[in-house]
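Here's the structure we're looking at; comments come further down.
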Amino acid sequence: MKTRYSIVTAIILAALSSTASAQLLYNSTSDFNAMGTAGTTMPPGWSFWYINGSSSNLDIPTSADMATAVQGSQVLTVWNATDGATLFSSRAAGFYAGNEGSTATDPNRLLGTSPTQVRGDILQLSLANTTGAAITTFSLSYNMSFMAPGTLKDGYPANSTEELPGYNFYYLDGSTWTYDPSLSVASAGQGSDTITLAHPVANGGNLQFAWFDDDADPFSPDDMYAIGNVNVEVPEPAALSLFAVGALALMFRRRKA
């Protein structure tokens, strides 16, 4: 009987160990690269939006501001860093997102924006919760790349900036778009954070995330940024962990008896 208990204990401890890890809910690499060098279709779960308003507004958008976003074209503009920012502006007119790469043959594709004539552009990701349990906590990380400098308008001094740099990140918690400074990247690099929701997302519901790119009044087009390597992880469902703990306790109780 000792051997039997040892085997059962090993199985349960293995289950406990697995519950301590996270499961990958989403990885953008395959989706973005699947766009190819000429794809014009948004990757699954992604959409493009923009906020109307003054391009000189330097305030970080509030939840109420984010809620006014208007859905833009879901057709991607193909653009590469070797094209220069002006070419993106002439192709996209600021109301499209971009399928972007370093060159026309670069297979590593990114999603990017360059807002014009609006307050800012938004890349939005909606992920279905298919874990089998409510999601309260998740971890998200992504890389941001600086793709090309903007073009300064005539009449503006050379040191003009007037732009919230990079991407400002939000997640939807209940009905509130919540700003996360840890995931708001101002220059090329990585953003990452672990977030606990006040309003868990039920199984079958959707996690929603948004990247806001501010429009700069002195530039047309703006500095160009793009994102990639978006990863979303959630803890393993707690039910398995509770089952393992309960089974282990029951086993020892029976053994003692």
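The values are calculated or read from the model by the stated rules, or taken from the named source; none is laboratory data. Every value quoted in this text rests on a predicted model; they were computed, and no experiment measured them. Methodologically, a virtual Cβ is constructed for each residue, glycine included, from the backbone with ideal geometry; neighbour enumeration extends over all protein chains shown.
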query: Are any of the residues in region 197-208 touching a Gly at 6+ places or on another chain (Cβ under 7 Å), among the aliphatic types (A, V, I, L, M), modelled with pLDDT of 90 or more and more than 17 Å from LEU127 (Cβ to Cβ)?
result: yes
message: Anything in region 111-140 that is hydrophobic (A, V, I, L, M, F, W, C) and closer than 19 Å to GLN208 by Cα? List them, or say none.
response: LEU111, ILE122, LEU123, LEU125, LEU127, ALA128, ALA133, ALA134, ILE135, PHE138, LEU140
message: Just to check your reading of the model, which residue among ILE51, ILE60, ILE12 is modelled with pLDDT of 70 or more, among the β-branched types (Val, Ile, Thr) and in contact with a Leu (Cβ under 7 Å, 6 or more places away or on another chain)?
response: ILE60
